[in-house]
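Since the structure comes first, as structure tokens, the remarks are kept for the end.
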């Protein structure tokens, strides 16, 4: 059922404009939770070309300097230019709060979680490789190993018929480096180390580095960014379903985020127990209602594994307690990835 002979998965660095906005929204969430663990937060960020707008709804006792947090995140992402920041954050609607106060879901919708035993991270190989490339780009830039690298970058890996057929890296760079040098260094210091570490052959792969040519302007200088516009990068690369809701800027009463984490946690549990090689868990909720409308788990052959999840509490309160989601751990998810990394409860089985 989940055997896709050909698929492509993309990753972006923390300096990508959409990811900057995700990080700003989640850094604000973290600060609210740091001061008040019961905070309810729904914050969006939109930025580009010297301007940034922060909007949303919160219910919190925290005193937060939204603009200062945004400016610091922007600096940490690798940029030094100044932003004109506008903040329009108001109190959460009492109509929504009424249902959430009783333990109900903060939104309705469908959430999915996936796990596979093909990598130690329990993620698809192409996803692990594409993220490895963007992580390596960030490391090489921040350490100064490659001085001409700049923060904005993307990577893409194509997997077909059991082998890697294409690797694409587009990276922002200084104006003082030639395209020939960029291609040579990226292949030698970025691509090859990632694939060698994973023992994956590039024999059949077409290597593309900055195929459009120059990439000097990046980030907010070249493009706009918006919270929640990289939901496929945040989940499973579009290879497996995503319910549609974004993660960043939302506290855990919003099941768009918490139930997606719970579904991933459950899928990983089923795989680690040896019940399947690949598992897809599906959850559905009604706003204001605690119990999910649907709990489903199937393996790679379409076999129903739902009965093995009977011991899981998939109510918002149950998820928050089990996965410790009132702690300020979310900025790093926007920066480094939501799945397949250490330090968060939903990856622990």
Exercise. Would you mind pulling out the separation of the Cα centroids of region 1-59 and region 287-306, in Å?
Key: 27
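What Kirkwood hydrodynamic radius do you get for region 41-184 when you take the inverse of the mean 1/r over all pairs of distinct Cα atoms, in Å?
Numbers: mean 1/r = 0.0514 Å⁻¹.
Across region 41-184, the inverse of the average 1/r is 19.5 Å.
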Practice problem: Order by neighbour count: 111, 232, fewest other Cβ atoms within 10 Å first, most last. | Solution: 232, 111
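Before anything else, pin down the relative contact order of region 218-349: Cα pairs under 8 Å, at least 6 apart, normalised by residue count, whole percent.
This gives 23 percent for region 218-349.
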Exercise. Starting with the fewest neighbours, write out 204, 173 ranked by other beta-carbon atoms found within 10 Å of each beta-carbon.
Key: 204, 173
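Which order results if 59, 134, 253, 272 are arranged by neighbouring Cβ count within 10 Å, fewest first? Provide the component values of the computation, followed by the final result.
Numbers: 59 21, 134 27, 253 30, 272 12.
Least crowded to most crowded, the residues run 272, 59, 134, 253.
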Exercise. Grab the Cα-Cα distance for residue 189 and residue 84, subtract it from 0.36 nm times how many residues apart they are, and report the gain in nm with one decimal.
Key: 34.2 nm
Exercise. Determine the calculated [θ] at 222 nm for the chain from helices alone, applying -39500 (n - 2.57) to every DSSP H run no shorter than 4 residues and normalising by the residue count; nearest 500 deg cm²/dmol.
Key: -9500 deg cm²/dmol
Exercise. Could you give log10 I(q)/I(0) at q = 0.12, 0.15 Å⁻¹ for region 271-326, computed by the Debye formula over C-alpha point scatterers of equal weight, without solvent?
Key: -0.33, -0.50
Exercise. Any chance you could check the Cα centroid distance between region 221-282 and region 177-205 for me, in angstrom?
Key: 29
Exercise. For region 98-174, just run the numbers: alpha carbon Rg, then divide by 2.2 N^0.38 Å, N being how many residues it has.
Key: 1.63
Self-check item: Computed over region 1-90: relative contact order in percent, which uses C-alpha pairs under 8 Å that are six or more apart
Solution: 29
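Coordinate-derived values only; no laboratory data. What you see is a predicted model; the values in this text were computed from it and never measured. Heads up, the Cβs are rebuilt from the backbone with ideal geometry, glycines too, and the neighbour counts pull from every protein chain shown.
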